Amino acid sequence: MKKVLFICGKNSGRSQIAEAYLTMLGNGEYQVKSAGLDPAESVNPLVLEVMKEEGVDLSDKIPQSAFTLFKNGELFTHVITVCDAETEARCPVFPGITKRLNWPFPDPEDAAGTHEEQLDQVRDIRDNIKARITAFVDEPDETN
């Protein structure tokens, strides 16, 4: 079984979305976690709202630290960062990784405008992450 860790800055948006989709779409072939470099106290409310539209309830998820997982000696076959290159460069290097990938997506915290405009921006992020996860699962030789 593949063990995948998704990392972003605060574990309050992108990595939570990616974890949820790989868990749902991975056909039971993946153990999935997500974490952040500087974890927020809770998942971004916009992310909660757009994921609920997909039938996914993230309200009980508590952001966790990538460094805590590292210190605990957790091993992963894949560590996938879903943040910009600058943030990705600060991530710990987990021992035993077979693949380290960077899939940069915009941060939902940067969504601007009215509430509906912010939701539209976060829906785009959600949909792009879902498409990337689908490709990861459907074409493992090419993407992972």
Query raised in the report: Quick check, is N11 surrounded by fewer than 16 Cβ atoms within 10 Å (Cβ to Cβ), touching a residue at least 40 places away in the same chain (Cβ under 8 Å) and in a loop (DSSP other than H, G, I, E, B)?
Result: no
Requested in this report: With respect to K99, determine if the residue is of a type in the set (K, R) and exposed (fewer than 14 other Cβ atoms within 10 Å of the Cβ).
Outcome: yes
Query raised in the report: Any chance segment 22-29 includes a residue that's over 19 Å from D107 (Cα atoms), among the hydroxyl-bearing types (S, T, Y) and not in a helix (DSSP H, G or I)?
Result: no
Report task. Could you please find all residues in segment 34-43 being over 11 Å from G13 (Cα atoms) and either surrounded by fewer than 18 Cβ atoms within 10 Å (Cβ to Cβ) or free of Cβ contacts under 8 Å to residues at least 40 places away in the same chain (or both)? Result -> D38, E41
**Report entry** Those residues of segment 49-92 which are surrounded by fewer than 21 Cβ atoms within 10 Å (Cβ to Cβ), of a type in the set (V, I, T) and in a helix (DSSP H, G or I), in sequence order
**Finding:** T68, T87
Report task. Could you figure out which of (1) modelled with pLDDT under 90; (2) not in a loop (DSSP other than H, G, I, E, B) isn't true of E109? Result -> (1)
**Report entry** Residues (touching a Ser or Thr at 6+ places or on another chain (Cβ under 8 Å) and closer than 15 Å to W103 by Cβ) located in segment 65-82
**Finding:** H78, T81, V82
Query raised in the report: among the hydrophobic types (A, V, I, L, M, F, W, C), closer than 19 Å to A135 by Cβ, in contact (Cβ under 8 Å) with a residue 40 or more places away in the chain and surrounded by 19 or more Cβ atoms within 10 Å (Cβ to Cβ), is that true of L46?
Result: no
Report summary line: Residue hits (segment 23-33; touching a residue at least 24 places away in the same chain (Cβ under 8 Å) and over 9 Å from the mean Cα position of the chain (by Cα)) are M24, L25, G26, N27, E29, Y30, Q31, V32
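The values are calculated or read from the model by the stated rules, or taken from the named source; none is laboratory data. Since the structure is predicted, the reported quantities are computational estimates derived from the model, not experimental observations. Backbone-built Cβ (ideal geometry, glycine too); neighbour counts: all protein chains shown.
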